[in-house]
Every structure is written in C-alpha cells, then in structure tokens.
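Structure, as structure tokens:
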Amino acid sequence: MAFSLPVGITPTKRVILIAFVVGIIAGFGALLFFEGLKIGTAFFMGYLLQYTYPQEGQTVAAISQWSGPQALWLLLPIMIIGSLLTGILVTKLAPEAEGHGTDAAIKAFHGEGRIRKRVPVVKAVTSILTISTGGSAGREGPSAQISAGFGSMVADMLGLSEKERRIALTTGIGAGIGTIFKAPFGGAVLAAEVLYTRDFESDAIIPAFLASVIGYAIFGFFEGYAPIFSLGAIAWTVVQIPLFALLGVFCAAFGLLYIWLFYGSRDAFSAFFAKHRLPAYLKPVSGAVILCLIVLALALVSPDLETLGLASLGSSYGFDQLMFYSMLPLVVVLLLPFLKIVATSLTLGSGGSGGVFAPGLTIGASVGASLGLVLHLFFPALVPVETIPVFVVVGMIALFGAVANAPIAVLIMVVEMVGSITILIPAMAAVGVSQLLKGEKTIFRQQVPTKAQSGAHRGEYDRDVLSRLAVRDAMVKKDAVIAFSPQDGPAVVRSVIAETGHTGFPVLENGRLVGVITHRDVQGAGKAPGECPVLRRLMTAPPVVVHPGDTLEDALALMVGRDFDHLPVAEDGTTDLLAGFITRTDILRAYARENHAASCDTGKPGPVKKEFS
C-alpha cells in the first residue's frame, strides 16, 4: 500500500524523511543478516565441521587458539548442501540474487530504480547459505542489495518520484554497507562513488550520511561500536612511502587478475551449462565441489597448505586478522592471493551468492603482507615488524579501491574498519598508483563512466532530444573546417588557436584523415631549444570518428567515454574521408536550438578553412 507524501513537504524534508526511514530499515536489516551469518557459520563450521575458526577483532591470545577441523572431508557435503540450496532458491525465486549483489543494485539504479520485493529476503538467505558453508564471498554485496531493495520498498510506500526513488535506493546501498562494516562515513561515500567509473552521485551523499549514521547507531547498539579489526602496535615512516607505492603496483596487477579470472570463470560456467543443457541450479554446486576438492588436496600435502585452503573459505576475515598479527606462515601469505582469487571465482562465478568486497580485502591484505614480510626479512631496519600490519591494511585499500573504482570510499571504509587514521598517507600513495595502473577495468560491470551514460539522469541530459538529432545537423562541414598537415609544427597550431579560439583540428594527408590535434597536444611541444617535433608525432592517431547519420547521443557518449572535446566526422562507410568536424559546443548548440532555448544566433558561420603545409 502506498502513502504519498503530502505536497506541502519541502524537498529538504522529503530527503531527511527518506534517509531516516531507510537508515532504520538498513540498521535492523543489517543486524538480522549479520546474526543470520553468525548462526549459520556457528552451525555449519562450528557444530557440524568442528572447526574453531579465527575471527576478526580477536586478541592475539584468543585468536591463537584457532584450530582446523578434525574431519575435513565433512566440508564436501556441507558445501554441496549450501550451494544446492542456494542454486534452487536463486533459480526458482530471484535470479538477480545470483553473484555479487552490489552490481545488481548498481544496475537497478541506472535502470528503472526498482528491486523486486522478494530479492532482499532471497539474497539474505542465499548469501548466508553460501558464506556459512564455506563459499568464498563477503557480506558487503548482500548488504548493498538487501538495503537497496528496502530502499526501493520505501519508495513504493511513500509514493516517491523517480529521482527520489533512486536517492532512496542509493542511500540504502550506503547505509547497508556502512552499517554492517561499522564504517558509516565510508559506506555513505561508497554509495555515491561506486555507481560510476569517473563520476560521483552528489545528490545521494547527504541522505546517505544520515541513513548510515542511523543504521550504524542501531547496529552498534546490539553488536558494539568497536572497529571490525584489531591492529595492535603499528609504525611507518615517510621514507617507506616508495615501498607503499610499489605495493600499489602489485595490487594493480593482482586486481586485474581478480577481475579477469572472476568474469572468465562466470562466462565459462555459463557456457558449459548452456552447452550441455544442465540444470542452472547445479551451477553453484559445481563451483563448490571444485573448491572443496582443492582444499582437501592441499590438506593432504602439508599442514601449512591446509591452513592455506581454510584461509580461502568464507569471508576470510579471521585470517586477515591473523595477518595483522603476522601469525600466518610465509608460504600461506605468498599463495593466498592466488587461491583466494580462484576460490571467489569458483564460488561467485558459478552462481553462488555473496559479495566481492571481503575477498578483495583478503587478496589485498595477503599481497601487502607478502611484500611486508619479504621486505622485513631482507631489510629489517627499513621495514620493522611493526610496519607489516600497515602493509596489510594498505594492501586492502589499494587493491579493492582500484578494482571497485572507488578509491576514496574504500580508503575511508578500511580506515574505519581498523580504527586508525594514521595509515591514510601510505594508503593514499598506494591506492593512487594502483588506480592509475589498473585503468578502466572494474569488478562492477554495471558501473557507467559518467552521469551522461546513466538512465537515472536521462531527463537531465534529455537524451531523447539528442537521439532525434543526427551529427549532420550539428557538425561544421568540411569546407568550413581548419585542417593541418602531419608535417606542420606545433607553433603553427598554437598561432591558429590564438587567432580563432578553436582548440581542436583534423589532420589531413593527401586529402585523407590521419589524425586529430588539440591544444593539449601542442601546449608545451617544440618550445625547448633544438626541439622541432611535427604534428605526426603529437596527434591522436588513428582518429576516432563518427558519421553524419550517427545520433548526437552517440557522439556525446563517445566524447564523454573517451574524454574528447572534438570528433572528426567521416563520410558514411569510410573512416578517413573527412565530411566535417563536431565539438561538444556544437552538440549543445543543436540541443538548445531543438528545444527553442537558444538565446544566441545559431546561424553563426563556421571557421574559415585554411590548410597549412
């Protein structure tokens, strides 16, 4: 039943009400999910498997009492039961609950802004089954999808507008994640940052702040307010910053491996089951069986490798805590990044239910611990034992902050999870390097580059208008375009820029389009004594082109996606016969003209053609 908000309520009050309601629901929702995980893990791992597993936040004395299962072979039927029930529930009730829930929540935001009412419950139950029976997954994704689903329900209940609905959904993502990890600040920022690869949902940040605080207060009242992890004594110095930057390089490499194997595994499972026409609900079982057999095989080799296998199961937070205390053998720490990537790819790639955040933290933690331990062994004076936990924390941030395209949010979240702000500086260095080297790859494939590509902002950008207009309606035609030769020098381009105010030009050779040159390309080129570069060395080649029949929506999306301000227009069916030139300004002018909103003369002639040689 919907209860529309009174018309007289101001937008500010509506946002506060949304945040308040979503925060309360996220707090209790996260609490129930967390308690369900604790009960499920205690039953399957503790009671059935007789496994005294390490837990995050334990003291050194308490965590040192952990011990492996007495009958490890029982892990196989336990994982089969958990994965089979997960497969049946997901297949029969809510296919969108498969895999990592954050991506599903992001997809809902950019799409219709709706999540089916059954999804939060199915996601909670299947994630509890997956994680508590040993599947390698985390609680962030489920928390995001569960709370986003509750946000969608709130929107239905209150009769919210489409924009407010998406704010409620995004606020739910932030509140859910921030609450269950006791990281309200980072969770709120993550809600705004994780939707895009190169943008930020500013409208969601304030309501997410409010909702996260409310959810955190409720959750902490029952579970305590102490940080997730216990750090102990840590120390780092400025001279170690290059070493943390080096850690960023390793984290970028492992992050790319994580993304590649994760999606490669998902595609492989889907293709195999489709080819052989096997029941979809058996997919998670196949991944669980393979993972369990790997763990059992490792246990036969040596006790250390048995520890490695156990460390790859579940959320692995207890083993992250052991790495903070430097209590894992070096061989386990060195191999854990690889096995955790494989374990997560098998669990979630095969259709299990859970998040990628916790596995990402463990991968990053083990990469950091490996580098820290190796540096300590060879350079104990430079990297004392108190610095190793810093490498662990920084590795967490650098790896998952990069693969999630959310370096700021993950940086804040992990700082909150360990309760120490002192690691901000080395973490900033590492995650900055990792983000730059990782590039555009992402673990969340439903992210879009910017708001211009998001269905949530279709009205703001009025893509319907742009989709009705063709490039030919806005471009400057060939006869009025300034073009250069590849043999011209940058000084000639700079003089034309100063004379005309234009900042981008096509480069033609024998009448063929060979590149594009812009003010950024020639800004400092050729100014050093003895330096005489030609445009062939400076231009963007081969050029990215559009055609006269393409829509302005396509052209703008290409510009935004590639960070271009100019595009050459090629004759239909070709890529090197120039038909014209188009800029973002041309698109805006055509948009304004179509909407009868232009206040200037849209019949302004284009630039006079000049060719320089």
Check your understanding: Pairs, please: C-beta under 7 Å, at least 6 apart or cross-chain, first residue within 9 Å of residue 212 (Cβ to Cβ) and in segment 167-195, second aromatic (Phe, Trp, Tyr) and surrounded by fewer than 24 Cβ atoms within 10 Å (Cβ to Cβ)?
Key -> 188/209
Check your understanding: Would you call residue 410 outside any helix (DSSP H, G or I), out of contact with any Cys (no Cβ under 9 Å at 6 or more places or on another chain), assigned by TED's automatic domain parsing to the domain that holds residue 99 and not charged (D, E, K, R)?
Key -> no
Review point. crowded, with 24+ Cβ neighbours inside 10 Å and under 28 Å from residue 85 (Cβ atoms), is that true of residue 343?
Key: yes
Practice item. Determine if segment 138-155 includes at least one residue that is acidic (Asp, Glu), part of a helix (DSSP H, G or I) and in contact with a strand residue (DSSP E or B) (Cβ under 6 Å, 6 or more places away or on another chain). Key: yes
Review point. Pairs, please: C-beta under 8 Å, at least 6 apart or cross-chain, first residue under 28 Å from residue 451 (Cβ atoms) and in segment 94-106, second of a type in the set (Lys, Arg)?
Key: 96/116; 97/123; 99/266; 101/123; 103/445
Review point. Applying the selection to segment 341-369, what residues are more than 18 Å from the chain's Cα centre (by Cα), of a type in the set (S, T, N, Q) and part of a helix (DSSP H, G or I)?
Key: 347, 366
**Study point:** Per-region count, segment 71-111, residues closer than 15 Å to residue 137 by Cβ and outside any helix (DSSP H, G or I)
**Key:** 3
Exercise for review: Out of 473, 479, 488, report the one residue that is assigned by TED's automatic domain parsing to the domain that holds residue 593, over 30 Å from residue 441 (Cβ atoms) and either small (Gly, Ala, Ser) or in contact with a strand residue (DSSP E or B) (Cβ under 6 Å, 6 or more places away or on another chain) (or both).
Suggested key: 488
Practice item. State which residue is farthest from residue 476 (Cα to Cα) when the search covers only segment 517-538 and only residues that are in a loop (DSSP other than H, G, I, E, B) and either modelled with pLDDT of 90 or more or touching a Lys or Arg at 6+ places or on another chain (Cβ under 9 Å) (or both). Key: 526
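Conditions tested, residue by residue: (1) surrounded by 14 or more Cβ atoms within 10 Å (Cβ to Cβ); (2) under 24 Å from residue 555 (Cα atoms); (3) not charged (D, E, K, R).
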site	(1), (2), (3)
479	no, yes, no
497	yes, yes, yes
515	yes, yes, yes
521	yes, yes, no
**Study point:** Entirely in segment 418-512, the helices (runs of 4 or more DSSP H) that have 2 or more residues that are closer than 18 Å to residue 566 by Cβ
**Key:** 490-500
Study note, to complete from the structure: Within segment 152-186, residues closer than 13 Å to residue 217 by Cα and either modelled with pLDDT under 90 or hydrophobic (A, V, I, L, M, F, W, C) (or both) come out as 175, 176, 180, 181, 183, 185
Point to revise | Conditions (1) modelled with pLDDT under 90; (2) surrounded by fewer than 18 Cβ atoms within 10 Å (Cβ to Cβ); number of the one not met by residue 502 | key: (2)
Revision key, fill the gap. Flagged in segment 555-587 as surrounded by fewer than 20 Cβ atoms within 10 Å (Cβ to Cβ) and in contact with a helix residue (DSSP H, G or I) (Cβ under 8 Å, 6 or more places away or on another chain), in numbering order, are 557, 560, 561, 564, 565, 584
Practice item. Any chance you could count how many residues in segment 410-460 are touching a helix residue (DSSP H, G or I) at 6+ places or on another chain (Cβ under 6 Å) and of a type in the set (Ser, Thr, Tyr)? Key: 3
Exercise for review: Looking only at segment 547-554, decide whether some residue is out of contact with any Phe, Trp or Tyr (no Cβ under 8 Å at 6 or more places or on another chain), in a loop (DSSP other than H, G, I, E, B), without any contact (Cβ under 8 Å) to a residue 12 or more places away in the chain and not acidic (Asp, Glu).
Suggested key: no
Study note, to complete from the structure: The residue that is surrounded by the fewest Cβ atoms within 10 Å (Cβ to Cβ), considering only those in segment 43-59 that are assigned to a helix (DSSP H, G or I) and without any contact (Cβ under 8 Å) to a residue 40 or more places away in the chain, is 47
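The values are calculated or read from the model by the stated rules, or taken from the named source; none is laboratory data. Just so you know, these numbers come straight off a predicted model, no measurement behind them. FYI the Cβ positions are ideal-geometry reconstructions off the backbone, even for glycines, and counts take in every protein chain you see.
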